[in-house]
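The values are calculated or read from the model by the stated rules, or taken from the named source; none is laboratory data. Model, not experiment: these values are computed from the prediction. Every residue, glycine as well, gets a Cβ built from its backbone with ideal geometry; the counts of neighbours run over all protein chains shown.
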Amino acid sequence: MRSLEWIQPSVESARYKLRFIDQTKLPTEEIYITTDDYHIVANAIRKLGIRGAPAIGVAAAYGVALAAIKYQDCAQELFHAELLKAINELQSTRPTAVNLFWALDRMKNKLENSLEEGVQNSVSKLIDEALKIHDEDIRMCEAIGRNGAELIPLDAAILTHCNTGALATGGDGTAQNVIVTAFRQGKRIKVFACETRPLLQGARLTAWELTKLGIDITLITDNTAAFLMQQKKIDLVITGADRITTKGYVANKVGTYSIASLAKLHKIPFYVAAPTSTIDFNTKEGKDIIIEERNPDEVTEIAGKKIAPAGVKVYSPAFDITPPELISGIITDIKILYSPYELSNEPNR
């Protein structure tokens, strides 16, 4: 299953389109949206119809490609201006996931470097770059799965948080693909998935994906993680990441810091799995990461029904920061990184 699919022109349709699953409808409805409008892609990212740092980056790249196709009949100056507007709109959707900015920077560079040879050349190059970004993510997910599976014992009870499977990437997932790869190697895997309030990505998405794959999964409330560790029922923890600094600070779904702290207390390995595209080589410290705050309604409502008093104050950060001293290792597509983390954009570092 791929969460994102680029559709080439065909007999049925002469237009390029992006097809994606609307993750806000899962698990009760499996609805796919097909569009040639980058505004719809941007709104889907903003509203979490498309979510997961790698998937956001891939979708944003395709959004720029759709914008290029939309404005391909414009004069060069207008084409350039409209593409920059599209890039800015896509950049504004989610502030924390570094893959978004990584992908859009690549698309912007491709725009600037290809436009001298004409608009049609630029359109072709932008489509090719978006496809390349997607293909790279697929291969990075595969490598993360292979590298991380080495850490999984023959019998393993694994705790995970939020969703890091195929839905969260352009490929087969990050942290969740470590689990899936180990399972396919014949290892006996049991997964405990935190529900992940307030939007329940663990309950709605991780449980849905792993159940379809036939992996033994038990859904737990977020507050149950500590008790499971205390009862010695967890062998290791694996989560994903939305941004990693060069010193190894990890921004991930809120609640990750709590789980990492608990794992440290109970002497349980805590691993982070993410592609190198999630490393922010321009940021060293966790305090410099911008943390997105979500709509209060996501906390005060469930399925459109109010569960809190009207007017109550809400603080709802989408992410928290886990410091490097709590992280046993960072599983990337290149290799597993260990403390002290001094990350570099040189491939072998």
Could you name every one of the strands (runs of 3 or more DSSP E) located completely within the stretch 172-258 that has at least 3 residues being of a type in the set (Phe, Trp, Tyr) and not assigned by TED's automatic domain parsing to the domain that holds residue 290? none
Restricting the search to the stretch 210-241, which residues are within 21 Å of residue 149 (Cα to Cα) and either of a type in the set (Lys, Arg) or under 19 Å from the mean Cα position of the chain (by Cα) (or both)? 210, 212, 233, 237, 238, 239, 240, 241
Go through 28, 34, 24 for me and flag whichever is closer than 23 Å to residue 195 by Cβ, polar (S, T, N, Q) and either crowded, with 16+ Cβ neighbours inside 10 Å or touching a residue at least 24 places away in the same chain (Cβ under 8 Å) (or both). 24
Of the criteria (1) outside any loop (DSSP other than H, G, I, E, B); (2) within 17 Å of the chain's Cα centre (by Cα), which one residue 290 fails: (1)
Going through 68, 103 one at a time, which residue ends up being at pLDDT 95 or above, closer than 18 Å to residue 122 by Cα, in contact with a Gly (Cβ under 6 Å, 6 or more places away or on another chain) and not in a loop (DSSP other than H, G, I, E, B)? 103
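Results for (1) in contact (Cβ under 8 Å) with a residue 40 or more places away in the chain; (2) outside any helix (DSSP H, G or I); (3) over 30 Å from residue 249 (Cβ atoms); (4) not assigned by TED's automatic domain parsing to the domain that holds residue 132, shown as yes or no for each residue.
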{"residue": "61", "(1), (2), (3), (4)": "yes, no, no, no"}
{"residue": "80", "(1), (2), (3), (4)": "no, no, yes, no"}
{"residue": "99", "(1), (2), (3), (4)": "yes, no, no, no"}
{"residue": "111", "(1), (2), (3), (4)": "yes, no, yes, no"}
In the stretch 322-337, how many are more than 15 Å from residue 178 (Cα to Cα) and either modelled with pLDDT under 95 or among the acidic types (Asp, Glu) (or both)? 1
Scan the strands (runs of 3 or more DSSP E) fully inside the stretch 1-49 and keep the ones with 3 or more residues being at pLDDT 95 or above and within 23 Å of residue 141 (Cα to Cα). 4-7, 17-21
Matching residues, the stretch 73-129, being hydroxyl-bearing (Ser, Thr, Tyr) and under 19 Å from residue 36 (Cβ atoms): 93, 122, 124
The number of residues in the stretch 274-287 that are touching a residue at least 12 places away in the same chain (Cβ under 8 Å) and either surrounded by fewer than 17 Cβ atoms within 10 Å (Cβ to Cβ) or in a loop (DSSP other than H, G, I, E, B) (or both) is 7
Count of the stretch 16-52 residues which are farther than 30 Å from residue 119 by Cα and either outside the structural domain of residue 99 (by TED's automatic domain parsing) or of a type in the set (Gly, Ala, Ser) (or both): 2
